[in-house]
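**Student:** The structure under discussion is supplied below as structure tokens; questions concerning it will follow.
The values are calculated or read from the model by the stated rules, or taken from the named source; none is laboratory data. Computed from a predicted model, the values in this text were never measured in an experiment. In this analysis, Cβ positions are derived from the backbone assuming ideal geometry, glycine residues included, and neighbour counts consider all displayed protein chains. Heads up: the accessible areas ignore ligands, DNA and RNA and are worked out on the full protein's heavy atoms, side chains in. Shrake-Rupley method; radii C 1.70, N 1.55, O 1.52, S 1.80 Å.
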Amino acid sequence: MKLIGPFSQILPLSDVPLRGAIQELQVIENGGVVIDKDRIITVGDFEQLRHGYADILHIDKPAVLLPGFIDCHTHICFDGSRSRDYAMRIAGHSYLDIARAGGGIWDSVTKTRSAGIDTLTANTVARADRHLQEGVTTIEVKSGYGLNFEDELKMLQAIRLAGLQTKATLIPTCLAAHMRPKDFEGPYLDWIINILLPEVHGLTKRVDIFIEETAFSASDALLFLQQAASLGFSITVHADQFTCGGAAVAIAAGAVSADHLEASDFATIAQLGAADIVSVVLPGASLGLGMHYAPARRLLDAGACLAIASDWNPGSAPMGDLLLQAAVMSAAEKLSAAEVFAGLTLRAAKALHLSDAGILSSGFIADMQAYPCSDYRDILYYQGKMKPVTVWKNGEII
Ligand SMILES: [Zn+2]
């Protein structure tokens, strides 16, 4: 067992509610944390703990300790850049113009299909390692740039292999229902249910679908989600990004989360606030597309369990800086520091069904990060520019 400290402040987030608005944040001044291998034994006052433990890792500079962040929505397994799309978008060209010029999701599908599994694995490891250095210790990763049997399997295998090579925890999700592939004949969602999903059981326990006018309809998606759930998959939805309707389907199907929500209307926000579902907002996509943020403030006030994720992907969210995106959104949406940190930790853990991550408390995984400051408020004040100086994954310093 090892005592680590003293930290100027520890934010254990252990008494934070899973839902709704939060103003108060528990802060342990001059704190210490005791770990045993990959688990937290206790968190408390350093001076009190100091007498009970001989093995002490002394922290000799001001530092604030937080749980490692959990990014519950990413697409970091891909090959190729979409900088051409981005240049067109910031110059004012429409989504349709970009698609006509050969851009959009299909461009990433083409590039990812032609990449070998070693390239995809290496790309995923590099992005996961960068996230880990920035304090993100658990990362969900979606497929969805394969969109045929061979390449969806290749992506899920690359994510599995990447998970063996990076120290970050990767949680794979099958997003074969990202869009209808241009080269597929017949009922595509039926094909996913009947042919693809039975083959991916060993590689993922999660299934996602994009509900949107350009992707899949609400009624088709509801049946698909019910079928995927009956096959034993945990289900999640890309919902209400441009038009409202997907989040209601996510709730009706019993999805663990509804993600995006930029276009959710008042009735949907109320439903999300009342239902047992995580509302995942993705400020990186709003920044990349130059559109408004999801109504995070109204979701919290309605009682929602609000998580914040990066949506790191080659098209709409290429930055992949979770803390920066959350910090910038918090100024626009008027979120408290407690709401931001909860959305990056325990509330994101719920979206991934993780019962031992996102909190610094006895029995939880020792995934932690220390920032070079003595007041936690500095972290959001610097809008994501301040990065952790030390990250622990499973109790080991990265
Ligand atoms: Zn996404």
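**Student:** So which residues in the stretch 101-150 are at positive phi, in contact with a strand residue (DSSP E or B) (Cβ under 9 Å, 6 or more places away or on another chain) and of a type outside the set (A, V, I, L, M, F, W, C)?
**Tutor:** G135, G144
**Student:** Further question: Within the stretch 267-305, can you find the residues that are β-branched (V, I, T) and either within 16 Å of the ligand (Cβ to nearest atom) or not in a loop (DSSP other than H, G, I, E, B) (or both)?
**Tutor:** T268, I269, V278, V280, V281
**Student:** Of all the helices (runs of 4 or more DSSP H) wholly in the stretch 93-167, which have at least 2 residues that are open to solvent by 10 Å² or more (accessible area, probe 1.4 Å) and of a type in the set (G, A, S)?
**Tutor:** 117-133
**Student:** Separate question: Quick check on my filter: what residues within the stretch 217-250 are more than 23 Å from F266 (Cα to Cα) and not polar (S, T, N, Q)?
**Tutor:** Across the stretch 217-250, the qualifying residues are D220, L223, F224, L225, A228, A229, L231, G232, F233, I235.
**Student:** Oh, and also: Consider only pairs whose beta carbons are under 9 Å apart and that are at least six residues apart or on different chains; among these, list those whose first residue lies in the stretch 377-398 and is in a loop (DSSP other than H, G, I, E, B) and whose second residue is open to solvent by 100 Å² or more (accessible area, probe 1.4 Å).
**Tutor:** Between residues of the stretch 377-398 that are in a loop (DSSP other than H, G, I, E, B) and residues that are open to solvent by 100 Å² or more (accessible area, probe 1.4 Å), the close pairs are K387/Q133; P388/Q133; V389/K61; N394/K37; N394/K167; G395/K37; I398/Q133; I398/K167.
**Student:** Could you grab me the full set of residues in the stretch 87-111 that are at pLDDT below 95 and within 30 Å of T137 (Cβ to Cβ)?
**Tutor:** Within the stretch 87-111, just I105 meets the criteria.
**Student:** Looking only at the stretch 189-211, filter to residues that are in a helix (DSSP H, G or I) and either in contact with a Gly (Cβ under 7 Å, 6 or more places away or on another chain) or touching a residue at least 40 places away in the same chain (Cβ under 8 Å) (or both); which one of those is most open to solvent (accessible area, probe 1.4 Å)?
**Tutor:** Residue satisfying both the conditions and the ranking: E199.
**Student:** Next up: Can you name the residue in the stretch 62-89 that is open to solvent by 10 Å² or more (accessible area, probe 1.4 Å) and closer than 26 Å to K387 by Cβ and is also nearest to the ligand (Cβ to nearest atom) among such residues?
**Tutor:** So the residue we want is F78.
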